Amino acid sequence: LQIFEPNEFDIMLVIPVTRLQLDECDDTGAYYYVSFKRNQKEKWLLKFLDEDEKLSAFKMLEALRKIIKQEVKNIPNVEVTVKRKKSGSPAITLQIKNPPAEISVDIILTLKVQQSWPSSTQDGLKIEQWLGRKVRRDLRNEPLYLVAKQNKKEKVLRGNTWRLSFSHIEKIMMNNHGSSKTCCESDGPKCCRKGCLKLLKYLLEQLKMKHTKELEKFCSYHVKTAFFLSCVMWPNDTEWQVGDLDHCFQKYLGYFLDCLQKSHLPHFFIPQYNLLSLEDKTSSDFLSRQIKYQLNNGFPIFQ
């Protein structure tokens, strides 16, 4: 879904584990404390437990950062640096300086476990009308991914929280986005779903460049979530015909504006988790005004 030159990459560094004990750490249903069951196979991970026997994301990230810093010194012919740590970020970012362009690579520490998804996901992934019941069942049998992400709501930040991640599922849905199996295949009918998502992603990126401070709370994940929810609302390929890009984009944009106005954008997989909290109402209103200005003036930002 990259819009300009391909200069940003995300790589999940996946660590398979056999079984995990997950305990919710707040009411979002997205953040968990991770501990091990008895007689766990992965004995080497025990050194990353904190004093409460919880797996410390902070300790693991520190160890990984150390390894990466050491390793980049051994890369010949390319200048690679490890960027300074961003507080609360699950990523270790590499800056690769090499013509023709500078590339940044986010390495994201991820635990992968084959066990049933937590109960907070039960009512999420409402794709029955769009992609079908069988697809939903198959996707829910995919492994569970947890990324080393600090939960900022915690009173004492101890760095031992992990957040559920569904990027592997999102990728599958993006690649098989039609209600008909042949949508956008080389000889199949084309749709404008991805085009709509790219437009709104671009719009947000441009507005963020212009109003960095006011829009710092927003990221492309908000736009992507609204996109998946729109696909569920308008599940048929006929509602996203390639010639109707203009109309479809405005429909999807209208839904996103509606979410901003209500300060309510439910996480696609964890519906109880609202990605637009009421504390951020000021920035939601600001973004809403900026988008409406663009909409009413024929999107000068796209010129």
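Which values, in whole Å and largest first, are the semi-axes of the equivalent ellipsoid of the stretch 189-236 obtained as the square root of 5 times each eigenvalue of the Cα gyration tensor?
Details: eigenvalues 121, 28, 6 Å².
In descending order, the three semi-axes are 25, 12, 5 Å.
Each principal axis of the Cα cloud of the stretch 40-164 was taken in turn, and the coordinate range along them, longest first, works out to 50, 44, 32 Å.
So what is Rg over Rh here for the stretch 123-217, counting just Cα atoms and using Kirkwood for Rh? The partial results should precede the final answer.
Values: Rg = 17.9 Å, Rh = 16.7 Å.
Across the stretch 123-217, the Cα-based Rg/Rh ratio is 1.07.
Expected output is a single nm value to one decimal: the length gained when fully extending between Phe58 and His211, i.e. 0.36 nm times separation in residues minus the C-alpha distance. What is it?
On the way: separation 153, 0.36 × 153 = 55.08 nm, distance 3.15 nm.
51.9 nm is the gain from fully extending Phe58 to His211.
Distance distribution P(r), the stretch 144-298, all Cα-Cα pairs, bin width 5 angstrom from 0: 2, 8, 16, 20, 18, 16, 11, 6, 2, 1, 0, 0 percent. On the beta carbon distance between Lys37 and Leu295, with R0 = 41 Å, the FRET formula returns roughly 0.20.
Estimated at 0.36 nm per residue, the fully extended path between Asp258 and Leu245 surpasses their Cα-Cα distance by 2.7 nm. Computed over protein heavy atoms with a 1.4 Å probe, the carbon and sulfur contribution to the accessible area of the chain reaches 52%.
Note on the chain: Cα convex hull, mean projected area over all directions, 18.1 nm². Accessible surface computed residue by residue for the chain, with neighbouring protein chains in place and a 1.4 Å probe, gives 55 Å² per residue. Once both labels are positioned 7 Å from their Cα atoms along Cα-to-Cβ, the gap between Asn236 and Asp285 label points is 4.0 nm. Each pair of Cα atoms in the stretch 33-99 enters the Kirkwood radius, and Stokes-Einstein at 25 °C and 0.890 mPa s then converts it into a translational diffusion coefficient of 174 µm²/s.
The values are calculated or read from the model by the stated rules, or taken from the named source; none is laboratory data. Just so we're clear, the structure is a prediction, and the values are computed from it rather than from any experiment. Note that we place each Cβ from the backbone using ideal geometry, even for glycine, and neighbour counts take in every protein chain shown. Just the protein is used for accessible areas: all its heavy atoms, side chains included, with ligands, DNA and RNA removed. Shrake-Rupley method; radii C 1.70, N 1.55, O 1.52, S 1.80 Å.
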